[in-house]
Structure formats: structure tokens, C-alpha cells
Amino acid sequence: VAVLNMAVKGHFSGSSIKFNQTVSSVTSQVAIDQDSWGIDVIGSGNFILIEPYAGVGFVSTSSTIGSSASASIFDTTFTTGSAAKDDYSSVKFLLGAQFNLLFLKVGLEYMNVYEKSRYSAKVSLAF
């Protein structure tokens, strides 16, 4: 007998890094900020030895880089008070299965997000 499960999963993360850079005796502070968030809807079936699952979601990322003076990070024309911002978003697809073998669990997963494919595997012990 299969048991069907549905889940909604959300996530948010943010990061910020700042450092000083000296170029031609001029010191500037460079700041890089990134935020991302997303939401997934995942469905799975729980059979005796296998739990297949599939999901679809949405992911959005925003990145900003700025400088308090001239900075030569990517381009020497990045001048005082300059900032560059980029926003990305993508639909996310995932498909996988977990095999439950007594004390051993083996998982395989395929995911496609930002037009990139990712394959992963896991092995775990269950007591």
C-alpha cells in the first residue's frame, strides 16, 4: 500500500562580505551582498522499499557589488560610488528516489535550476 505525501518548502538566505582594497595608494571598501529565496512543492509516494518523489519550485537571487572609491575588481571604469546589481530567477524541477534497505538508505536525485542540471547521491545508515 502506497502512502502519498505532499509538502511545501520555502527558503531564504542572505550573505554580505566587505573588504578594503588599495589600488595606486587609494583605499576603497568593496561590498558584495546577495539574497536568495525560493519555494517548492514536492510530492512523494512511500512504498515498502522505495520512496520516489518529484517537485517543482521557483528560485530568485539578487546580487549587488559596490565600492566607496575606484575599484579594479572586474573593470577599471568601476568608479567611486559605483554599484552593479543583477537579479536572476528560475523555475526549479527535481526528481529522485530513496531506497530503504534495512539499515541502509540510498538516495538519487536530479535537479534542474537556472538552466543547469545537478545529479546527487547519498548513502546513510538508519538505526
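The values are calculated or read from the model by the stated rules, or taken from the named source; none is laboratory data. Computed from a predicted model, the values in this text were never measured in an experiment. So basically every Cβ, Gly included, is an ideal-geometry build from the backbone, and we count neighbours across all protein chains shown. Accessible surface is based on the protein model in full, side chains and every heavy atom, while ligands, DNA and RNA are left aside. Shrake-Rupley method; radii C 1.70, N 1.55, O 1.52, S 1.80 Å.
For residue 102, state whether it is closer than 30 Å to residue 127 by Cα and at pLDDT 95 or above.
Numbers: closer than 30 Å to residue 127 by Cα: yes; at pLDDT 95 or above: no.
Against the criterion (closer than 30 Å to residue 127 by Cα and at pLDDT 95 or above), residue 102 does not qualify.
Are any residues in the range 82-111 open to solvent by less than 40 Å² (accessible area, probe 1.4 Å) and assigned to a loop (DSSP other than H, G, I, E, B), and if so, which ones?
Answer for the range 82-111, where residues must be open to solvent by less than 40 Å² (accessible area, probe 1.4 Å) and assigned to a loop (DSSP other than H, G, I, E, B): just 82.
Kindly establish whether residue 34 is open to solvent by 50 Å² or more (accessible area, probe 1.4 Å) and either more than 23 Å from residue 115 (Cβ to Cβ) or at pLDDT below 95 (or both).
Details: open to solvent by 50 Å² or more (accessible area, probe 1.4 Å): yes; either more than 23 Å from residue 115 (Cβ to Cβ) or at pLDDT below 95 (or both): no.
For residue 34, the condition - open to solvent by 50 Å² or more (accessible area, probe 1.4 Å) and either more than 23 Å from residue 115 (Cβ to Cβ) or at pLDDT below 95 (or both) - is not met.
I'm trying to understand the selection: among the residues of the range 112-127, which are of a type outside the set (Asp, Glu) and open to solvent by 70 Å² or more (accessible area, probe 1.4 Å)? Walk me through how you get there before you give the answer.
First pass over the range 112-127, keeping only residues of a type outside the set (Asp, Glu): 112-114, 116-127.
Matches in the range 112-127: 114, 116, 118, 119, 121, 122, 123, 125, 127.
So, in the range 78-98, how many residues would count as being closer than 15 Å to residue 50 by Cβ and either of a type in the set (Ser, Thr, Tyr) or modelled with pLDDT under 95 (or both)? Before the answer, list the steps.
Let us first name the residues in the range 78-98 that are closer than 15 Å to residue 50 by Cβ, namely 95-98.
Narrowing further to those that are either of a type in the set (Ser, Thr, Tyr) or modelled with pLDDT under 95 (or both): none.
Selection size over the range 78-98: 0.
In the range 9-59, how many residues are farther than 30 Å from residue 85 by Cα, within 23 Å of the chain's Cα centre (by Cα) and β-branched (Val, Ile, Thr)?
Residues flagged as farther than 30 Å from residue 85 by Cα, within 23 Å of the chain's Cα centre (by Cα) and β-branched (Val, Ile, Thr) within the range 9-59 amount to 1.
State the number of residues belonging to the range 1-15 that are open to solvent by less than 80 Å² (accessible area, probe 1.4 Å) and either small (Gly, Ala, Ser) or without any contact (Cβ under 8 Å) to a residue 24 or more places away in the chain (or both).
Of the residues in that region, 6 qualify.
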